[in-house]
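The block underneath contains the structure these notes are about, expressed in structure tokens.
None of the figures in this text is laboratory data; all of them are computed from the coordinates on show. Only a predicted model underlies this, so the values are computations on that prediction, with no experimental measurement involved. As a convention, Cβ positions derive from the backbone with ideal geometry for all residues, glycine included, and neighbour counts pool all protein chains shown.
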Amino acid sequence: MTQPHPYNNPDTPEGNQPPAPQQPDYSAQPPQYAQPQVPQQPQPPYGAQPPQPQYYAQPQVPQQPQFGAQPPQPNMAYGYPQPKSKIAAGLLGIFLGGLGIHRFYLGYTTIGVIQLVLTVVLGIFTFGLVGLWGLVEGIMILAGAEYFRRDAKGVPLRD
């Protein structure tokens, strides 16, 4: 038996023509999905190191002074000149003043070298009288003369 062709169905509105396929509606815009935005960081100049992020930052907790504790004193060994002893400088001037040792101790190296050279070179001819220069300066240091109250860096001598 022969079956009638499906397109020759008399129930179709046009008769022999097949129904038109459904076309999708392209006039509607497809949904827009937002792309994740990555913030652009400014690039450092050529050769510069980019900053590194700080991942493990420690919170700063202020230290409270303990009961009866003294405030911290500056460390004299790091950057602060220590005052020199007036007694040590005076005794070096009295006993080794002809060699300029007291001047070296106080930081006046140029005058110390001059005293040393004069004592060695002229001491032979003057029978050591150049050594009186150091003796007098040693006494002046111990007596507290204005010129000998500070060392070469301007720090006052301690007693």
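Pairs, please: C-beta under 8 Å, at least 6 apart or cross-chain, first residue within 17 Å of F148 (Cβ to Cβ) and in the stretch 100-118, second among the basic types (K, R) and assigned to a helix (DSSP H, G or I)?
Pairs that qualify, where the first residue is within 17 Å of F148 (Cβ to Cβ) and the partner is among the basic types (K, R) and assigned to a helix (DSSP H, G or I), are T109/R103; I111/R103; G112/R103; Q115/R103.
List pairs: first in the stretch 125-143 and more than 24 Å from K86 (Cβ to Cβ), second crowded, with 16+ Cβ neighbours inside 10 Å and among the acidic types (D, E), Cβ under 8 Å, 6+ apart or cross-chain?
Correct list of pairs: empty, since none qualify.
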